[in-house]
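Comments concern the structure below.
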Amino acid sequence: MVWFERLSVAVVLLASVAGFLYVLWSRRLGHVWPKRGELHIVNARGLFTGMWEVFTQKVVLQNRPWVGLFHLPLFFGLLAFLAKSVFHVLHGLGVEVTAPGWYVRALDAIAVAVLASIVLLAIRRYFVDREKLTHLTESGVILGLIALLMITHLLERVFPLVSVAGRVNWWAHYVDLAAFPGVIAYGKHLHLFLAPVNVVLKHMTEVPSDRSVFGNDLDMDLEDESKLEAELARLGMPGGVADFGFGALFDPAACIQCGRCNDACPAGPALKPRDHFVLALQDPSLSAEQLAKLIDPDVTATCVQCRACEVACPTGCRPGRNGLEIRGRLMVDGLYPPRALRETAMKALTSSGNIFGQDESERNRFIRENALPIFDPREHGVLFVLGCQGSNSPEVQPIVLATGRLLDAAKIRWGVLAEERCWGEGLLHGGGLMEDWPLWAQERIAFLSDALGGDQGRTILTICPHCRDTIRTQYAAFGADFSDVQLHTPFLANLVESGKLHLKAHPMDAALHIPCKVVHNSEDTGMRALLQSAGVTLHQPASSAAAFPTACCGGGGGGFLWDSPAKVNQKRWAQIKATGQTAVVTGCPGCHRMLGVVRDENTRIWDVASILADRLDAPAGN
C-alpha cells in the first residue's frame, strides 16, 4: 500500500504541474513568450525597487488601505506556507523532512490570521461591495481553496497522521494544494505568480522620463514599396492583437482586475484603462476591426496619458503605455483617431505650422515688440524654444517674458529662433503619424541642428514639457540626440541653488497644480521646493491616486488639441476650487491653457516663472 500511495502522490503531482503548464502556455502566455526579446533592461537596480514594492505591498495598501490590510495575511500567509507545501509533497513521496517547531507554531498562527482575512474578504465581496466587484464565482473558489489549506493544516494538530482521519486530512490538503495552480492559471488569480514579475519588469525596463509614442519611428520610404509595406506591417495589426508587444500582451495575464486604474482615471467613467487598455488585449485572435469595436476609438482618444492608472496598479500593469500602442497601431490601420480629433488638430497645424492656426507674423511681432534676442550659436549658450503656445498665445507670452527676465538676471546668454514651427506633438497624437510626422520630424531635426551650429548637445530651454518631450525623446527615433533639453522649472531651480539667481521671498498662498510630465520626470519635488523658497505656501488639490501627486488638466495625450468629451479640465478645476485659493500656480503652458478656459473670474493662474520674476532681488554688492 505504501508504494501505491507514493505512486498516487507522484501522479497527482505530475498532473498538477502538467495541467498548470498546459493552461499557462495555451491560454495565457504562449503568444507572449516569443516577444521576450523586446525586453530591454535599462535600470538593473529596478530589481531591488520592484522586489521592495512586492514584499511591502505598498501599492496595494496605498489606494485601498482596508482592503489591502485584508489581503496582507493572504499574501504573507501563502509565502509562509511555501516551505510547508514542499515538506508535505516530499512526505507523500517518502522523503521525511522535519520542520522546526517554531516554524510549525508560526504557521498555526498564520493560518488563523488567513482564515480571518478570508471571512472579511468574503463579507466585502458577497455582501458589502457585491454590485461593484466581478468574478464572484472564481474568487469564491480561490478563497475556498485557501481556506481548505488552512483548515487542513490546523486539523493536523487534531488528527495524528497515523490515524485514518489523519490520512484523509493529509490527502485533502494535498489534493487541494495540487488543484490550486491549475485553477489559478485559468483566471485573474494568475496574478499571484505573474504580478511580482510584472512589477519588477516595470522598474527594470523603464526609468522616470517621457515615453516614445508608438510608431514615431515610422520610416516613410515612398520609393521602396516593399519596405513601406513591411513598415506598415510592423506598426499595424495585420495579425490582430497578436502583433502587440510583450508588455501589452503580458499585462492582461498579470492583471488582478481590481479596477484601481479605472478609479484613478481622470477621463472616466467612459474611459476604463483596465477594460480598454489591458483586458481588451487578452485575446490574441482579435482583428484590428474587432479591437476597434471593443474599445471605441472615440473613448480611447480621451486618454490624457497622465499615468495615474499605472501608479495605482498593484500588479505592475501600464495601461497608459498600452494605450499609446493601441492608438499607434489603429492609426496605421486607419482606424484612429476619431474624426473630431483629426479635423481639429490637423487642419490648423498643417496649414499654419502651429496648433492655433496663427499667421507667422504674430510671432514675429511678439519678438520684435519685446526685443527678444535672436539665437546665435557663436554668441549664446542657451536656445530658448518658445513652442506653439509661447509663440502665439497671449496668455502664455508673459511667461516667456518672465523667463527671459530671470535668464537676464542670472547673466545667461540666450536667444530665440528667428522662426519656429510646431515641433510635432500635435501630429503624433492628432492623426498625422503616417501622413505628416516622419517628414515633419526629420525636417525639424535638420532645422534645429543647423540653428545650433551642428551641435545637438547644446542647451535647449523651453517652458513647455510637451516641446521638451518631442525634441528630446520623440526625435531620438530618427537618430537625433538633443541630450540637453531642459524645462524652465528645473533650469531655474538650478540657477537659484547655484547662486546665479537671487530671489526675495514674498508671502503668497496658492493651489499647486503639478503638470503630469513634471511628475513623469521626477521633477515635482524640486518644483515645490523652488516655490516654497520664493515664499509661496502651497495648497495641494486632490490627486488622481495615492502616491500620484497631481491630477491631469486634460491636455495630455493630445487632449489640448480638441474639445474632449471627457471634460477632464472641468474635473480638475473643481478639485482646485475646493482648496479655497484664488491663485493657482503651475509650470506648463498647456495646463495654463486648459485650466484657463474653465477658471473662475476671480482666480488667477500663475506660472512658476512669473512668480519668480516678481521676486527678483539684486545680489549683494550689486
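The values are calculated or read from the model by the stated rules, or taken from the named source; none is laboratory data. Just so we're clear, the structure is a prediction, and the values are computed from it rather than from any experiment. Heads up, the Cβs are rebuilt from the backbone with ideal geometry, glycines too, and the neighbour counts pull from every protein chain shown. Heads up: the accessible areas ignore ligands, DNA and RNA and are worked out on the full protein's heavy atoms, side chains in. Shrake-Rupley method; radii C 1.70, N 1.55, O 1.52, S 1.80 Å.
Out of ASN392, ASN354, which single residue is under 30 Å from LEU492 (Cα atoms) and either modelled with pLDDT of 95 or more or over 30 Å from the mean Cα position of the chain (by Cα) (or both)? After ruling out the rest, the residue left standing is ASN392. Exactly one residue out of PHE159, PHE214 is closer than 30 Å to ASP436 by Cα and of a type in the set (Phe, Trp, Tyr), and it is PHE214.
The condition of being farther than 27 Å from GLY328 by Cβ and in a helix (DSSP H, G or I) holds for THR403. Only residues that are among the charged types (D, E, K, R) and either in contact with a Pro (Cβ under 6 Å, 6 or more places away or on another chain) or surrounded by fewer than 12 Cβ atoms within 10 Å (Cβ to Cβ) (or both) were counted across the range 61-108, and they come to 2. In summary, helices (runs of 4 or more DSSP H) completely within the range 220-290 and bearing 3 or more residues that are surrounded by 21 or more Cβ atoms within 10 Å (Cβ to Cβ), in contact with a helix residue (DSSP H, G or I) (Cβ under 6 Å, 6 or more places away or on another chain) and among the hydrophobic types (A, V, I, L, M, F, W, C) occur at 246-254. Give me the pairs: first residue in the range 18-29 and over 14 Å from ASP283 (Cβ atoms), second residue open to solvent by 70 Å² or more (accessible area, probe 1.4 Å) and of a type in the set (Ser, Thr, Tyr), beta-carbon distance under 7 Å, and six or more apart or on different chains, which are they? Cβ pairs passing all conditions: VAL23/TYR186.
Candidates are the residues of the range 152-169 that are of a type in the set (Val, Ile, Thr) and over 16 Å from ARG105 (Cβ atoms); the one that is modelled with the lowest pLDDT is VAL162.
The selection criterion, being touching a Gly at 6+ places or on another chain (Cβ under 8 Å), open to solvent by less than 40 Å² (accessible area, probe 1.4 Å) and part of a loop (DSSP other than H, G, I, E, B), does not hold for LEU428. Looking at the range 448-480 only, could you name the residues that are open to solvent by 20 Å² or more (accessible area, probe 1.4 Å) and touching a Gly at 6+ places or on another chain (Cβ under 7 Å)? If the condition is that a residue be open to solvent by 20 Å² or more (accessible area, probe 1.4 Å) and touching a Gly at 6+ places or on another chain (Cβ under 7 Å), then THR459, HIS466 are the ones that fit.
For SER391, the requirement of being open to solvent by 50 Å² or more (accessible area, probe 1.4 Å) and either of a type in the set (Gly, Ala, Ser) or part of a strand (DSSP E or B) (or both) is not met.
Determine whether VAL23 is surrounded by 14 or more Cβ atoms within 10 Å (Cβ to Cβ) and either within 17 Å of HIS191 (Cα to Cα) or among the β-branched types (Val, Ile, Thr) (or both). Yes: the conditions hold for VAL23. For first residues located in the range 374-390 and closer than 12 Å to ARG458 by Cβ and without any contact (Cβ under 8 Å) to a residue 24 or more places away in the chain, partners that are among the aliphatic types (A, V, I, L, M) and open to solvent by 20 Å² or more (accessible area, probe 1.4 Å) and lie 6+ apart or on another chain with Cβ distances below 6 Å do not occur.
Over 24 Å from HIS203 (Cα atoms), hydrophobic (A, V, I, L, M, F, W, C), modelled with pLDDT under 95 and assigned to a helix (DSSP H, G or I): is that true of LEU294 in this structure? It is true that LEU294 is over 24 Å from HIS203 (Cα atoms), hydrophobic (A, V, I, L, M, F, W, C), modelled with pLDDT under 95 and assigned to a helix (DSSP H, G or I). Considered as a group, the residues in the range 412-421 that are charged (D, E, K, R) and more than 22 Å from ASP607 (Cβ to Cβ) include one that is nearest to the chain's Cα centre (by Cα), and that residue is ARG421. If you go through the range 571-590 and pick out every residue that is closer than 25 Å to LEU428 by Cβ and open to solvent by 20 Å² or more (accessible area, probe 1.4 Å), you end up with 1. Scan the range 144-187 residue by residue and report those that are in contact with a Ser or Thr (Cβ under 8 Å, 6 or more places away or on another chain), surrounded by fewer than 21 Cβ atoms within 10 Å (Cβ to Cβ), in contact (Cβ under 8 Å) with a residue 60 or more places away in the chain and not hydrophobic (A, V, I, L, M, F, W, C). Selection gives PRO181, GLY182. Scan the range 34-55 for residues that are surrounded by 11 or more Cβ atoms within 10 Å (Cβ to Cβ) and closer than 18 Å to PRO196 by Cβ and the total you get is 12.
Only one entry in ARG604, ARG593, ARG528 is touching a Gly at 6+ places or on another chain (Cβ under 8 Å) and either open to solvent by 20 Å² or more (accessible area, probe 1.4 Å) or of a type in the set (Gly, Ala, Ser) (or both), namely ARG593.
As for the range 338-359, it holds no residue that is crowded, with 22+ Cβ neighbours inside 10 Å, touching a helix residue (DSSP H, G or I) at 6+ places or on another chain (Cβ under 8 Å) and aromatic (Phe, Trp, Tyr). Test ALA195 against the criterion of being farther than 27 Å from GLU53 by Cβ, part of a helix (DSSP H, G or I) and modelled with pLDDT of 95 or more, and give yes or no. No: the conditions fail for ALA195. Within the range 313-328, the set of residues being under 20 Å from ALA547 (Cβ atoms) and open to solvent by 10 Å² or more (accessible area, probe 1.4 Å) comprises CYS313, PRO314, ARG318, ARG321.
Considering only the range 188-195, I want to know if a residue exists there that is touching a Gly at 6+ places or on another chain (Cβ under 8 Å) and either open to solvent by 30 Å² or more (accessible area, probe 1.4 Å) or under 30 Å from VAL311 (Cβ atoms) (or both). Looking through the range 188-195, at least one residue is touching a Gly at 6+ places or on another chain (Cβ under 8 Å) and either open to solvent by 30 Å² or more (accessible area, probe 1.4 Å) or under 30 Å from VAL311 (Cβ atoms) (or both).
Here PRO208 fulfils each of the conditions (1) in contact with a His (Cβ under 8 Å, 6 or more places away or on another chain); (2) within 24 Å of PHE48 (Cβ to Cβ); (3) open to solvent by less than 30 Å² (accessible area, probe 1.4 Å) apart from (3).
A quick yes/no check of all residues on (1) open to solvent by 10 Å² or more (accessible area, probe 1.4 Å); (2) not in a helix (DSSP H, G or I):
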site: LEU407; (1), (2): no, no
site: ALA418; (1), (2): yes, yes
site: TRP423; (1), (2): no, yes
site: GLY432; (1), (2): no, yes
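Within the range 1-17, the set of residues being among the polar types (S, T, N, Q) and in contact (Cβ under 8 Å) with a residue 40 or more places away in the chain comprises just one member, SER16.
The set of residues in the range 434-447 that are open to solvent by 10 Å² or more (accessible area, probe 1.4 Å) and assigned to a helix (DSSP H, G or I) comprises LEU439, TRP440, GLN442, GLU443, ILE445, ALA446, PHE447. Return a yes/no flag: does the range 363-381 have any residue that is buried (at least 16 other Cβ atoms within 10 Å of the Cβ) and closer than 21 Å to MET434 by Cα. The answer is no, given that none of the residues of the range 363-381 is buried (at least 16 other Cβ atoms within 10 Å of the Cβ) and closer than 21 Å to MET434 by Cα.
Meeting the requirement of 3 or more residues that are out of contact with any strand residue (DSSP E or B) (no Cβ under 6 Å at 6 or more places or on another chain), in contact (Cβ under 8 Å) with a residue 24 or more places away in the chain and farther than 28 Å from LEU461 by Cβ, the helices (runs of 4 or more DSSP H) wholly within the range 508-622 are 568-577.
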